[in-house]
Structure formats: C-alpha cells, structure tokens
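Here the structure comes first, spelled out in structure tokens, and everything after it is commentary.
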Amino acid sequence: MSTTLTQQPSWRALEAHFQKVRDLHLRTLFAEDPKRGERFSVEAENIYFDYSKNRVTDETIKLLLELAEAVGLRNRINAMFSGEKINITEQRAVLHVALRAPKGSTIMVDGQNVVPEVHKVLEKMAAFSNRVRSGEWKGFTGKRIRNIVNIGIGGSDLGPHMAYDALRYYSDRNLTCRFVSNVDGTDFAEAVHDLDPEETLFIVSSKTFTTLETLTNARSARDWTLTKLHDEKAVAKHFVAVSTNAKEVAKFGIDTENMFEFWDWVGGRYSYDSAIGLSLMIAIGPENFYDMLAGFHAMDEHFRTTPFEKNLPVLLGLIGIWYNNFFGAETVAILPYDQYLERFSAYLQQLDMESNGKHVDLEGNTVNYQTGPIIWGQPGTNGQHAFYQLIHQGTKLIPCDFIGFCQTLNPVKPHHDLLMANFFAQTEALAFGKTAEEVKADGVPDYQVPHRTFEGNHPTNTILADRLTPNMLGKLVALYEHKVFVQGTVWNINSFDQWGVELGKVLANRIIPELESAQEPDLKHDSSTNTLISRYRELRKA
Ligand code: F6P
C-alpha cells in the first residue's frame, strides 16, 4: 500500500486546511473580496483562465503549489521534455512535445535528435496533403479524390476526429472527411454508403497496426474498393497508412512508400499532432496544421517555463486535485460553449482516463488515495437542457470546466451573444445559487420554496479565449495534456501506459473462434458467459 503521498507534510497541511474551509460558500468568498474575480485569474497565451469561482482561498492555492513542489513537479517536467524514459513500464520516453518542437531545436532520445525526423515526416505529410487537395493525386481510374476516410480507433481516431470537427470552419468543403473506428460493421457501412470508391482515399491509422477493430475495418475497406475497381493495384492509390510498424503495414498490402511514420515515444492518446493527424492536415491544409502545432508548442513552453502560480496547466491540475482528493468529487464535466468542440469531451475522456485511470503508483504499490476522475460532458446549452439540473440541485459535487470564445466563427446574429449570455449565467448561477429568502421574495408559494432554492457553491473554471483557431485548438489540447501530466505526477502514477485495456482484448480473441466455429464449441467460461454465448449463437441463426 502506498502512503507516501498522503504522509507528505504538504498533503497533511491540505487535509487540515480542508477541514477549515470545506463549508465556506462562494457567496462569502466573493463578498469578502471585491477583487476576487481579478485576483484568482491568469491570462496567458490568449487564454483568460478564471478560477475564482472555485472553493479555494489564497491559503488553498499556496498549499496546492507547495504540494506541486513537494512531489517534484519541476523535475518531472524537465524529465519529460528532455526525453527521459518516464514511461517506466514500457521503458519509453514520452515526447509528444517533440512533435511540435520548431525545426532546428534539439530533443535527444537514445543519443539521437528526433526533431529532424519529426519535420521530415511533417514535410512528407504536407506534400501528400497538397497533392490530394490540388487533385494531383488521383484515384486508380484517374478520378480526383473527394473523400477521405480515416480508419483507426482510440488515439488513432479520437484526436483527428475531434480536431476535424473543431476546425471544420477551416477545412476544404469540397472534401468529405469521415472517421471509422467501431468494429461494428454499421460504422463502416454508414461511413461509405454514399461514397464512390473511385474517389475515396482510406487512411489506415494504427500505431501498432495490429488492432483488431482497425484491421477489420481496413480489410472491409479494401474489399469495398476492389469490388468496384477489380484490381489489387488500386490499393496503392486508395490506401495509405500511418503507423510505427512498417512490417505489419507491408503485410497488410500497403506500399511502405505510402506510409507516414511516427515513433514509440508518442503515446496513442498524445498522437494527433503526429502523422495520425494526416486526415486533418488534408482537410485543413498544411498551413493551418502548422499553425495548430505552433499553438501546441506555445502552451508547451508556457508549461515548461512559467512559475507555477501563473502556470495554466499547473493551476488546472492542482484545482482538480483539490476536488478529487479532498472534496471527494468523482467526476469533472467539460462544457464547451462552441458547437465545433462537440467531440472535445469525448477526446479528453481517453486523454485523461486512459492516462490516469491507475490504481498502483510508480513503484507498483496500491495507492491509498483517489486517482483519475471520470471525465464527461457535451457542448453548451444542449447540456443545460439535459444534465445541468443534477449539477445545480442534485446531491453530487461536480466541478466543471466552461470553455468559450469571445468571437464566433459564424456571426449569425444574435446567436453568439445568446450563447455567451448562457455561458456567463451558468457559472454565476452555479456559484451563487438562489437563497430561500430570494425565492420567497419572488412571491413563490411556500411549498415550492425548497424545490426552487439553489444552494450554489458549485465550482467552475472558466476558460475564455478570443477565437477558435487552429492555433488556439493546439493550445487548448496541450493545456489538458499537461493538466493530466500534473495530476499524474502528484499521484505518482504512470500516466503513459494502458495495461487496463489488455485483458478485454485477450478474452475477446478467445471468444472470436467460439462465435465463428460451425461446430458447437466446448465453452469453458463461467455460467453467465457460457449461456450468453450459446444464446447469441442460437438466435443469430434466426
Ligand atoms: O485502447 C488501447 C489503445 O492501445 C489506445 O491506447 C490506442 O490509442 C488505441 O488502442 C489504438 O491503438 P493503435 O493505434 O495501435 O491501433
């Protein structure tokens, strides 16, 4: 059992402090300090981060910053940026920051500067993207490519898919981009049902190139293509691969000339600014993609060099620790007030939960404290008409991140002001609520008063940026990547492996032949699984 963290003096100090401030109300905190809104906010990299509507005092922030120092956050940041093998269970460096390092910089892995390699691949991607976008790259029958279908799952899908949606405003509208991830044939069938194979390019994205879902979808895509084009040679014109595994790519039948490489020091969920973003680059063009990388890099530098008290990922991470470990909050809601960020919380689910969903520390001891929270959410006002009721008046404490932009990309009057009025109103209502006296003063009948009273004191972070550009998206994603890093460091866990997804894969592989076999299989599972498999085999025949 690991008790190292909870025995730290800074942790103990936070526990004692929590007992003193746990019932403080945001109403009181704001009333006592008219400048709280300004004092508890930081502006950096064109992001205004207001954390004043959190249940924190100056002392809380001071103690959280002391905790960050005590757990050696500074050294861990340096270790990551300098290519140390901090992913200890897989003996790998963790260098997604190298993917956006400017040309000419130096980051060494195993005695080799990886930055020139990164830029070589980026240039290959840019050249290919330009050929597709200009129509120079043609399909097998000479037709122009009009459809891009990315086949991948997890980190090889969620990042490019989220970013394509987020940056659709900047995309070439003559191209149709789709994303297939689920092994459910419906995903593939629906993605291609109105497409012409002669005009369709598949990007098979898989770090390992062994993932069941992706290879199954890729095989179906090949069959679908060849059913119309009748010639194996068509594969070279309609399939490219993104992978670290050239051998498996070649085995699948894709020419490794048409492979875009990345490296084992890029984790799947940290990979969309590598070649995994090829579909995105084709959609938005290399210039916008480079602009996004510049945004990532700006946030990396902010994280690496800014003192902790003004450091956005550090503050975001530490405030999360405060609720997760002291208030006992189990979830965090991510609430973007921008339709383009529709998939942002789905993306953050993998980034955060696959990284910090761990129950042993770096030494392999079971922890005696909570680690990664449950991440969920959906955009803006839609959530207000669905689950906000529970956040406002339920029994659970749900810290929320509100993300919004001052300028809209689609100035259809009066929408943006209405959207942002809701954005501001929600954090205000969550913080301050409405007392029984205020409700009574509105003339509400007595029996309704308890039902219409809002306790308030629900914490929120507000992340307000100017405009959703590729650059800003890069900054936002890097902000959350580093927030996850900060929290993983405090919890002393390995945020960069994902053994927890292995067992399910192994068991599925054992069951596949039992479903496929023509003979009745000799099932050796538990009585529940045996019955379910038998029932499925029987009814499937009907
Ligand atoms: O879900 C487990 C996982 O290994 C993720 O970490 C990864 O992003 C995903 O599967 C896809 O893996 P690959 O890119 O190798 O196909």
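Per residue, how much accessible area does the stretch 95-229 show when a 1.4 Å probe rolls over the protein heavy atoms, in square angstrom?
Details: 5460 Å² over 135 residues.
On a per-residue basis, 40 Å².
Please report, in debye to the nearest 20, how large the charge dipole of the chain is about its Cα centre when each Lys and Arg carries +1 at its beta carbon and each Asp and Glu carries -1 there. Before the final figure, lay out the partial values.
Numbers: 55 positive and 68 negative charges, 99 e Å.
Here the chain has a charge dipole of around 480 debye.
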Query - Surface share of carbon and sulfur [accessible, 1.4 angstrom probe, percent] for the stretch 499-541 - result: 59 percent
Report summary line: Non-local residues with an amide H under 5 Å from the amide H of Phe260, with H modelled 1.01 Å from N and Pro and chain starts lacking one, are Ala241, Val242, Ser243
Query raised in the report: Of Leu430, Phe454, Leu515, which is farthest on the positive side of the dipole of the chain, counting Cα position, with +1 on Lys and Arg Cβ, -1 on Asp and Glu Cβ, and the Cα centre as origin?
Result: Leu515
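Counting only protein heavy atoms and a 1.4 Å probe, tell me what percentage of the stretch 128-289's accessible area is made up of carbon and sulfur.
Numbers: 2740 of 6050 Å².
Percent of accessible area from carbon and sulfur atoms in the stretch 128-289: 45.
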Query - the stretch 1-34 residues near the modelled Glu69 label - backbone nitrogen below 15 Å, point 7 Å along Cα→Cβ - result: 9-11, 13-14
Query raised in the report: Can you give me the Cα centroid spacing of the stretch 414-428 and the stretch 28-97 in angstrom?
Result: 27 Å
Report task. Please turn the phi angles of the stretch 444-456 into ³J(HN,Hα) values with the Karplus equation 6.51 cos²θ - 1.76 cosθ + 1.60 (θ = phi - 60°), one per residue in order, whole Hz, x for glycine and proline. Result -> 6, x, 3, 5, 8, 3, x, 6, 9, 8, 10, 5, x
Query raised in the report: With +1 on each Lys and Arg Cβ and -1 on each Asp and Glu Cβ, how big is the dipole of the stretch 128-289 about its Cα centre, in debye rounded to the nearest 20?
Result: 300 debye
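Calculate the FRET efficiency for Asn368 and Leu523 from the Cβ-Cβ distance with a Förster distance of 35 Å, rounded to the nearest 0.05.
On the way: r = 40 Å, r/R0 = 1.13.
The value I calculate is 0.30.
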Query raised in the report: Over the heavy atoms of Asp466, what accessible area does a 1.4 Å probe trace out, to the nearest 10 Å²?
Result: 70 Å²
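On a full-extension model of 0.36 nm per residue, what is the gain between Asp194 and Gln8, subtracting their alpha-carbon distance, rounded to one decimal in nm?
Working it through step by step, the gained length comes to 61.0 nm.
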Report summary line: Those trypsin sites (Lys or Arg not before Pro) from the stretch 219-272 that are DSSP loop and have at most 14 other Cβ neighbours within 10 Å turn out to be Lys233
Requested in this report: Anything in the chain that counts as a DSSP H helix reaching 20 Å or more along its axis (C-alpha) with Kyte-Doolittle mean of at least 0.0? List them, would you?
Outcome: 415-432, 470-491, 502-516
Requested in this report: Work from the charge dipole of the chain (Cβ charges, +1 for Lys and Arg, -1 for Asp and Glu, about the Cα centre) and give the residue of His238, Gly139, Phe49 farthest towards its positive end.
Outcome: Gly139
Query raised in the report: Given charges of +1 on the Cβ of Lys and Arg and -1 on the Cβ of Asp and Glu, with all other atoms neutral, how large is the dipole of the stretch 377-522 about its Cα centre, in debye to the nearest 20?
Result: 520 debye
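Given a 1.4 Å probe and every protein chain left where it sits, what share in percent of the accessible area of the stretch 341-408 is carbon and sulfur? Display every interim value, and only then the final one.
On the way: 1410 of 2890 Å².
After summing per-atom areas, the C and S share lands at 49 percent.
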Requested in this report: Might you work out the accessible area of Glu38 for me, using a 1.4 Å probe with all protein chains in place, and round it to the nearest 10 Å²?
Outcome: 110 Å²
Report task. Could you compute the FRET efficiency for Arg39 and Glu455, with r as their C-beta to C-beta distance and R0 at 22 Å, rounded to 0.05? Result -> 0.35
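Given an 8 Å cut-off on Cα distances and at least 6 residues of separation, report the relative contact order of the stretch 19-172 as a percent. Write down the numbers at each step before the final one.
Values: 97 pairs, mean separation 13.1, N = 154.
After rounding, I find 9 percent.
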Report summary line: Label model pair Arg168, Thr28: point-to-point distance (7 angstrom along the Cα→beta-carbon line) in nm is 4.7 nm
**Report entry** Tail beyond 40 Å, pair distance distribution of the chain (Cα, percent)
**Finding:** 30 percent
**Report entry** For the stretch 499-541, accessible area per residue (1.4 Å probe, heavy atoms of protein chains only), Å²
**Finding:** 82 Å²
Query - Spatially proximal lysines relative to Lys138 (Cα-Cα < 21 Å; intrachain offsets below 8 disregarded) - result: Lys124, Lys228, Lys233, Lys237
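Heavy atoms only, 1.4 Å probe, whole protein assembly: order Met472, Met108 by accessible area, highest first.
If we order Met472, Met108 from most to least accessible, we get Met108, Met472.
The values are calculated or read from the model by the stated rules, or taken from the named source; none is laboratory data. Being a predicted model, the structure only gives us computed values, none of them experimental. Cβ sites come from the backbone with ideal geometry, for glycine too, and all protein chains shown count toward neighbours. Just so you know, the surface numbers come from the protein's heavy atoms only, side chains and all, with ligands and any DNA or RNA stripped out. Shrake-Rupley method; radii C 1.70, N 1.55, O 1.52, S 1.80 Å.
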